[in-house]
Amino acid sequence: MIKKMILEFIRLFFYAVAFSTVMLSSFFLYMLYMPQQSWQQTLLPLSESEQQLVHNTQQHVQALCINPKGRSYLEKESLDAARDYIAAQFQAYGYQVQYQHYQLYGEEYSLSRIMHVIKDMASPS
């Protein structure tokens with residue numbers, strides 16, 4: 001009786017493993033599937049707001065990523081410059097910026113905490 005139960009368990013376990021293998025293989029093949037042809041039509045032109053978004057994004061990426069020294073706890077000036085840039089950008093959009101100070105290896109650092117004051121929509125501004 002116990003031998004039959006063990007054999008039945010092994011058989012069901014084998015089916016479960018086989019089913020899982022087939023399902024995972026099917027999923028990975030589906031994820032790797034490439035369409036037979038690429039998009040051939042011309043893309044729609046960007047609206048003015050989309051163009052502005054692209055421009056702003058490029059400016060932010062350049063300002064934050066072009067840094068020959070890198071940005072780590074060893075380069076405190078680079079961290080401070082990035083923090084100040086991010087804070088200035090959020091302030092330009094009307095957000096309040098507060099700094100959270102912390103210590104690391106005996107040095108004091110700070111990071112920006114961005115807070116947005118939501119105006120009452122019913123009251124005129």
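State the answer as a single residue: which of 23, 57, 102 lies farthest towards the positive end of the charge dipole of the chain, with beta carbon charges of +1 for Lys and Arg and -1 for Asp and Glu, about the Cα centre.
23
Could you give the size of the charge dipole of the stretch 57-115 about its Cα centre, using +1 on the Cβ of each K and R and -1 on the Cβ of each D and E, expressed in debye and rounded to the nearest 20? Walk me through the numbers before you get to the answer.
On the way: 5 positive and 6 negative charges, 34 e Å.
With only Lys, Arg, Asp and Glu charged at Cβ, the dipole is about 160 debye.
Candidates (1) 1.18; (2) 1.29; (3) 1.21; which is the computed Rg/Rh (Cα atoms, Kirkwood Rh)?
Recomputing Rg/Rh (Cα atoms, Kirkwood Rh) here gives the entry labelled (2).
So between residue 52 and residue 105, what do we pick up on full extension, going 0.36 nm a residue minus the alpha carbon distance?
Numbers: separation 53, 0.36 × 53 = 19.08 nm, distance 4.15 nm.
Separation in residues times 0.36 nm, less the Cα-Cα distance, equals 14.9 nm.
Rounded to the nearest 20 Debye, what is the dipole magnitude of the chain about its Cα centre when Lys and Arg each give +1 and Asp and Glu each give -1 at the C-beta? Don't skip to the end; give the middle numbers.
Numbers: 9 positive and 10 negative charges, 163 e Å.
Computed charge dipole of the chain: roughly 780 debye.
Helix-only estimate, please: 222 nm mean residue ellipticity of the chain, summing -39500 (n - 2.57) across DSSP H runs of length 4 or more and dividing by its residues, to the nearest 500. Before the final figure, lay out each step's value.
Working: 3 runs with 66 residues, N = 125.
That calculation yields -18500 deg cm²/dmol at 222 nm.
Run the numbers on the stretch 33-117 and let me know its relative contact order in percent, using alpha-carbon pairs under 8 Å that are six or more apart. Write out the running numbers ahead of the final one.
Details: 57 pairs, mean separation 15.0, N = 85.
About 18 percent, as a whole number.
Out of the GluC sites (Glu not before Pro) in the stretch 1-79, which ones are loop residues according to DSSP with at most 15 other C-beta atoms within 10 Å?
Numbers: sites: 8, 48, 50, 75, 77; in loops: 75.
Listed in order of number, the matching sites are 75.
Mind pulling the angle between the C-alpha long axis of helix 2-32 and the longest principal axis of the chain? Nearest 10 degrees, somewhere in 0 to 90.
Here the helix axis deviates by roughly 40 degrees.
Which one, 20, 38, 49, has the greatest fluctuation when you compute a Gaussian network model over the chain with C-alpha springs under 10 angstrom?
Comparing 20, 38, 49 in the GNM, the peak value goes to 20.
Taken together, the values in this text are just the output of simple stated rules run on the coordinates, not laboratory data. All of these numbers come straight from a predicted model, not from anything done at the bench. Note that each Cβ is placed from the backbone with ideal geometry, even for glycine, and that neighbours are counted across all protein chains shown.
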